[in-house]
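Here the structure comes first, spelled out in structure tokens, and everything after it is commentary.
The values are calculated or read from the model by the stated rules, or taken from the named source; none is laboratory data. This one's a predicted model, so the numbers in the text were calculated from it and none came from an experiment. Note: ideal-geometry Cβ built from the backbone for every residue, glycine included; neighbour counts use all protein chains shown. We work out accessible area using only protein heavy atoms, side chains counted, and drop any ligands, DNA or RNA first. Shrake-Rupley method; radii C 1.70, N 1.55, O 1.52, S 1.80 Å.
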Amino acid sequence: MKSSLWSIQGEAVPHPIRVDETDLAILTELRTDARIANNVLAAKIGLAPSTCLGRVKALHRTGVIRGYTTLIDEKLLGVTVNAMISVVVAPAARDRLLASARTLQELTEVKDVFVLGGTPDLLVRVAARSIDDLRTFVATHLGANRAFSSTQTAIIFEHLS
């Protein structure tokens, strides 16, 4: 089994949600296949199905598992361009940084918004049907927004997940 990015927390972590190796194994399997049947998950981890289900429910209840997503092949739906856009927030708009990030998050083309420490202030992943649509998005939602002083767009050639 592939090693986990997550580790069991020590005492130095303030108010941690306690997880053990079994919980980490469950999380690793769910990250690979969130639709795995509980009995199959239990067998892979070496638990009784009822115990496994109880642990998954506990991971939900504590907020460790926040939900499940569907991975969509956007190329099959006509999305041909993905980009990462670095955004620098204007000094006069620093107090509105989070509000600006949340506004961007609501746009259809925006897939992810990251609020960063340092420069740039925001990193925005955008999906578009064409380079022209991407250019229009940048001009309309970023370039015309006085809260943003500059942007830099990097086209994503491949996303390995």
Apply the Karplus parameterisation 6.51 cos²θ - 1.76 cosθ + 1.60, with θ equal to phi minus 60°, to every residue of the range 77-85 and state each ³J(HN,Hα) to the nearest whole Hz, in sequence, with x for glycine and proline.
-> 9, x, 8, 10, 10, 10, 9, 10, 10
Which cross-chain or sequence-distant (5 or more) residues have an amide H under 5 Å from the amide H of Phe148, H modelled 1.01 Å from N in plane?
-> Ala90
What does the accessible area of Asp132 come to, in Å² to the nearest 10, when a probe of 1.4 Å is used?
-> 90
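For the range 11-117, what is the accessible area per residue in Å², given a 1.4 Å probe and the full set of protein chains? It would help to have the intermediate numbers written out before the result.
Working: 7260 Å² over 107 residues.
On a per-residue basis, 68 Å².
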Between Ser149 and Ala43, how many nm apart are label points set 7 Å from Cα along the C-beta direction?
-> 6.0
For the chain, averaging the sequence separation of alpha carbon pairs under 8 Å that lie six or more residues apart and dividing by its residue count, the contact order in percent is 21
Specify the inter-centroid distance of the range 105-161 and the range 76-91, based on alpha-carbon positions, in whole Å.
-> 3
For the range 43-103, what does the alpha-carbon gyration tensor say about shape, rounded, prolate or oblate, given a ≥ b ≥ c as the root eigenvalues, a/c under 1.5 as rounded, and a/b over b/c as prolate?
-> oblate
Using the Kirkwood radius over Cα pairs, work out the Stokes-Einstein diffusion coefficient for the range 116-161 at 25 °C and 0.890 mPa s, in µm²/s as a whole number.
-> 204
Across the range 123-130, in residue order, what do the Karplus-derived ³J(HN,Hα) couplings come to in whole Hz, using 6.51 cos²θ - 1.76 cosθ + 1.60 with θ = phi - 60° and x for Gly and Pro?
-> 10, 10, 9, 10, 10, 9, 6, 7
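If each DSSP helix of 4+ residues adds -39,500 (n - 2.57) and the sum is divided by the residues in the chain, what number results at 222 nm, nearest 500 deg cm²/dmol?
Rounded to the nearest 500, the figure is -9000 deg cm²/dmol.
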How large is ³J(HN,Hα), in whole Hz, for each residue of the range 58-65 in order, when computed from phi with the Karplus curve 6.51 cos²θ - 1.76 cosθ + 1.60 and θ = phi - 60°, using x for Gly and Pro?
-> 5, 5, 5, 4, 7, x, 5, 9
Between the residues Phe148, His159, Ala37, the Cα farthest towards the positive end of the dipole of the chain, that dipole coming from +1 and -1 charges on the beta-carbon of Lys, Arg, Asp and Glu, is from Ala37
Estimated D of the range 17-140 in µm² per second, where Rh is the Kirkwood radius over Cα pairs and Stokes-Einstein applies at 20 °C, 1.002 mPa s = 121
Amide hydrogen neighbours beyond the local backbone of Thr80, cut-off 5 Å, H modeled = Ala128, Arg129, Ser130
